[in-house]
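Peer 1: One structure coming up, written as structure tokens, with questions to follow.
Values quoted throughout were computed directly from the atomic coordinates according to the rules given, and no laboratory measurement underlies them. Just so you know, these numbers come straight off a predicted model, no measurement behind them. Neighbour counts run over all protein chains shown; Cβ positions are idealised from the backbone, glycine included.
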Amino acid sequence: MKSIEIKGTVRTDLGKKATQELRKNNSVPCVVYGVEKDEKGLPVATHFSVPADGLRNLVYTPHIYVVNLDIDGKVVNVILKDIQFHPVKDTILHVDFYQIDESKPIVMEVPVQLEGLAEGVRAGGKLALQLRKLKVKALYNTIPERLKVDVTPLGLGKTIKVGELHYDGLELMNAKAAVVCAVKLTRAARGAQANS
């Protein structure tokens, strides 16, 4: 998995006014949930801010990254957990990160990459990717950048479901019956089937 560096600054003032001021200055309020736990057993949260431009390469990309997060000189490895966008302007309002514990599995969405030429496409069908990303649970250093799915044996009207896929060291968290991709019948394929 690729890594990307993001620099942040600790926030001490967490009120609504301070948050609005941050956004006005083109910064995004963020939280990183650490490996350490508080007295209630919850992850310790660190509030910080990042210039909006500093998040662009992480958010607006098809790739997944481990983030080397530098908050005032203290560097931790984290993954992006959640983003809130403005409902109208589509600007980033808030970002949550989770610190990676190398000994514990994490859950992350990984892009799906279809490979091969499906039999059904050769017969005039159309290949459709239904799930662009799959949720996986694994140790962060075993998570690939993409999950490859071989579609070569896929015939007309057939599908590949999550339950049919297997990757070493990864646990797929999506519903087993969820369709990853399908070869749909086109009018041309239907005509060819009717004439045969």
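Peer 1: Return the calculated 222 nm mean residue ellipticity for the chain, to the nearest 500 deg cm²/dmol, obtained by summing -39500 (n - 2.57) across DSSP H runs with n ≥ 4 and dividing by the residue count.
Peer 2: Rounded to the nearest 500, the figure is -4000 deg cm²/dmol.
Peer 1: Report relative contact order for the range 84-172 in percent, whole number only (criteria: Cα-Cα under 8 Å, sequence separation at least 6).
Peer 2: Numbers: 118 pairs, mean separation 28.5, N = 89.
Averaging sequence separation for qualifying contacts and normalising by length gives 32 percent for the range 84-172.
Peer 1: If amide hydrogens are placed 1.01 Å from N in the peptide plane, which non-local residues have theirs closer than 5 Å to the one on residue 114?
Peer 2: When sequence neighbours closer than 5 places are left aside, the close amide H contacts are 149.
Peer 1: Okay, next question. At 7 Å along the Cα-to-beta-carbon direction for both residue 61 and residue 122, put a label point, then send me their distance in nm to one decimal.
Peer 2: The answer from the label model is 3.8 nm.
Peer 1: Please identify the chymotrypsin sites (Phe, Trp or Tyr not before Pro) of the range 5-83 that satisfy two criteria: DSSP loop assignment and at most 14 other Cβ atoms within 10 Å. Which are they?
Peer 2: Numbers: sites: 33, 48, 60, 65; in loops: 60.
The qualifying sites are 60.
Peer 1: Contact order normalised by length for the chain, with contacts defined as Cα pairs under 8 Å and 6 or more residues apart; what percent is it? If you can, show how the numbers build up before the last one.
Peer 2: Numbers: 392 pairs, mean separation 35.6, N = 196.
Contact order relative to length: 18 percent.
Peer 1: If you don't mind, another one. So what's Rg/Rh here for the chain, counting alpha carbon atoms and using the Kirkwood radius for Rh? If you can, show how the numbers build up before the last one.
Peer 2: On the way: Rg = 21.5 Å, Rh = 19.4 Å.
That ratio is 1.11, to two decimals.
Peer 1: Here's something else I'd like to know. For residue 9, what is the net charge nearby, where nearby means another residue's Cβ is under 13 Å from its Cβ and Lys, Arg count +1, Asp, Glu -1? The partial results should precede the final answer.
Peer 2: On the way: positive: 7, 11, 74; negative: 13, 70, 72.
Combined, the nearby Lys, Arg, Asp and Glu give 0.
Peer 1: If amide H atoms are built 1.01 Å from N in the plane of the peptide, which residues on other chains or at least 5 residues away come under 5 Å of the amide H of residue 154?
Peer 2: Distant-sequence amide H within range of residue 154: 119, 120.
Peer 1: Calculate how many DSSP beta bridges within the chain are antiparallel, expressed in % of all such bridges and rounded to the nearest 5.
Peer 2: Numbers: 37 of 52 bridges.
Percentage antiparallel, nearest 5: 70.
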